[in-house]
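Note sheet for the following structure.
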Amino acid sequence: MDFQDIIRQLVERIEKMKDSVLTEEATKTAFIMPFINALGYDVFNPTEVVPEFICDIGTKKGEKIDYAIMQDGKPVILIECKHCLQDLNLHDNQLLRYFTVSPAKFGVLTNGIIGE
């Protein structure tokens, strides 16, 4: 199965399940983790994908981004997730804060349906 087929399947899955996904955690499990996996990353390998990656911001300690995709022990992509019905415009500053304290070159804010 090629990448386009995998993405098509994910779209169908989201369309079928979005009304049953009631929490942010369910959004991550049902929509976002399968997408990360489709990109070729092993979501169950903490050397590739780190859930709840710590991105301390100034004096705020323990700040965590939902996922960091790692390469050579460093985050290269940060992914901040929200519930599938959330308006992402309400949360773009959160990703920006994490992004500025990380060596990652890419940041994604998503609700599993839309990504920015």
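The values are calculated or read from the model by the stated rules, or taken from the named source; none is laboratory data. None of these values were measured; they are calculated from a predicted model. Please note: Cβ atoms are built from the backbone with ideal geometry, for glycine as well, and neighbour counts cover all protein chains shown.
Among all residue pairs at least 6 apart or on different chains, which show Cβ distances below 8 Å where the first residue, located in the range 85-109, is under 27 Å from Gly73 (Cα atoms) and of a type in the set (Ser, Thr, Tyr) and the second is modelled with pLDDT of 85 or more and not in a helix (DSSP H, G or I)?
Tyr98/Ile65; Tyr98/Leu78; Tyr98/Glu80; Tyr98/Gly107; Ser102/Ile65; Ser102/Ala68; Ser102/Pro75; Ser102/Leu78
Looking only at the range 1-38, which residues are basic (Lys, Arg), closer than 11 Å to His83 by Cβ and more than 16 Å from the chain's Cα centre (by Cα)?
Within the range 1-38, just Lys18 meets the criteria.
For Gly62, state whether it is under 19 Å from Lys105 (Cα atoms) and of a type in the set (Gly, Ala, Ser).
No.
Which ranges mark the helices (runs of 4 or more DSSP H) fully within the range 6-116 that have 1 or more residues being modelled with pLDDT of 90 or more and not hydroxyl-bearing (Ser, Thr, Tyr)? So that I can check it myself, show each step before the final result.
Values: elements: 24-27, 33-38, 92-100.
Fully inside the range 6-116 and qualifying: 24-27, 33-38.
Do you know which residues across the range 62-72 are among the small types (Gly, Ala, Ser) and either touching a helix residue (DSSP H, G or I) at 6+ places or on another chain (Cβ under 9 Å) or touching a residue at least 24 places away in the same chain (Cβ under 8 Å) (or both)?
Within the range 62-72, just Ala68 meets the criteria.
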